[in-house]
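Heads up: the structure comes next, in structure tokens.
The values are calculated or read from the model by the stated rules, or taken from the named source; none is laboratory data. Remember, it's a predicted structure, so these values are computed and weren't measured experimentally. Cβ placement follows ideal geometry from the backbone for every residue including glycine, while neighbour counts extend to all protein chains displayed. Keep in mind that these areas ignore ligands, DNA and RNA; they rest on the heavy atoms of the full protein, side chains included. Shrake-Rupley method; radii C 1.70, N 1.55, O 1.52, S 1.80 Å.
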Amino acid sequence: MPRIQRHEKIIALVREHGFMPIDRLARDLDVTPQTIRRDINQLCEENILRRYHGGAALGEGMEGDDYLAQKNKLQNEKAHIADLIAAEIPDNASLFMSIGTTIEAVAMALVKNHKNLCIITNNIHVAAIVSGRSDYTVIITSGVVRPVDGGVTGVATVDFINQFKVDYAVLSAAGVEQDGSLLDFDYKEVSVMQAMMENARMRYLVLDHRKSGRNALVRMGDVTEFDCVFSDRKPSDTIRQKLDEHGVRCHIAERDV
């Protein structure tokens with residue numbers, strides 16, 4: 001396979017799965033791991049990929065396009081999930097809201113009907129959506145703004161979150177494995193979400209079906225650490241059994257026919 005064609009295939013696989021181990025890329029492309037390492041190094045120099053221990057994810061040069069693509073995908077499904085979550089949150093509640101396009105859809109659902117909310121977020125897009133309501137208290141965490149998706153992360157963000165105790169945390173993850181492990185790409189973002197989980201009375205997890213089986217490097221937690229999971233499709237039997245065993249509710253958004 002020519003080098004250019006191989007690079008295109010590597011980029012496509014990383015975009016599809018989020019994170020690709022070197023050994024799996026070598027196996028899928030039928031080349032040596034050394035060849036894949038050289039390819040990844042070159043793609044990293046071009047800011048297309050970002051090297052992690054044992055594999056690669058999208059680099060900053062591609063993440064902006066990827067964020068816009070994700071924002072435009074599954075809009076109806078995300079809206080239905082958002083409506084389900086909004087129905088579970090009462091007026092006068094306090095909540096953490098994390099990074100992600102589905103979380104932004106939840107923010108849009110909340111502003112339609114909910115009154116007197118206090119929203120603490122590390123997502124500047126969420127803050128922009130809810131800040132138009134004069135009866136809302138909107139707090140943006142301190143930290144470093146990630147230009148790709150408007151996420152705020154870092155040690156200062158975790159310290160800021162730890163000052164609060166809220167009613168609800170509405171969080172997402174980049175991927176979920178069949179054993180229920182929740183994964184993400186950025187350890188700084190994971191630290192923020194773990195702080196939100198620790199400082200919320202109720203934890204809501206948002207997962208659209210694309211997250212099932214998606215690879216990522218950093219372990220965020222487990223589906224059983226949440227009070228309720230919201231998705232657009234039924235989870236696998238394995239995950240559903242885990243949720244049932246731990247008393248985790250699961251709400252599935254109905255799709256448009």
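Within the chain, which is the longest segment containing none of the GluC sites (Glu not before Pro) that sit in a DSSP loop and have at most 14 other Cβ atoms within 10 Å? Could you put the intermediate results ahead of the total?
Numbers: sites that count: Glu46, Glu254.
Value returned for the longest uninterrupted segment is 47-253.
The mean sequence separation of alpha-carbon pairs under 8 Å and at least six residues apart, normalised by the residue count of the chain, gives a relative contact order of 16 percent. In a fully extended conformation the segment linking Glu46 and Ile252 would gain 70.1 nm over its present Cα-Cα distance, using 0.36 nm per residue. With bins 10 Å wide beginning at 0, the percent of Cα pairs of the chain falling in each bin runs 7, 30, 34, 20, 7, 1.
According to the Cα gyration tensor, what semi-axes, each the square root of 5 times an eigenvalue, does the equivalent ellipsoid of region 3-59 have, listed from largest to smallest in whole Å?
Numbers: eigenvalues 39, 28, 24 Å².
So the equivalent ellipsoid measures 14, 12, 11 Å along its semi-axes.
Our estimate of slack between Asn76 and Asp237, defined as 0.36 nm per intervening residue step minus the Cα-Cα distance, is 55.5 nm. Distance from the C-alpha centroid of region 184-204 to that of region 86-149: 15 Å, rounded to the whole angstrom.
Taking region 129-238, which trypsin sites (Lys or Arg not before Pro) meet the DSSP loop condition and have no more than 11 other C-beta atoms within 10 Å? Please list the in-between numbers first.
On the way: sites: Arg133, Lys165, Lys188, Arg201, Arg203, Arg210, Lys211, Arg214, Arg219, Arg233; in loops: Arg133, Lys165, Arg214, Arg233.
In loop regions of region 129-238 (DSSP not H, G, I, E or B), the sparsely surrounded trypsin sites (Lys or Arg not before Pro) are Lys165.
Exceedance of the 25 Å cut-off in Cα-Cα distance is limited, within the set Lys115/Lys234; Lys78/Lys234; Lys115/Lys165; Lys165/Lys188; Lys211/Lys242; Lys78/Lys165, to Lys115/Lys234; Lys78/Lys165.
Taking the DSSP beta bridges with both ends in region 167-257, the antiparallel portion is around 30 percent.
Largest accessible area first, the listed residues Asp135, Asp186 line up as Asp135, Asp186 when surface is computed with a 1.4 Å probe on the assembled protein chains.
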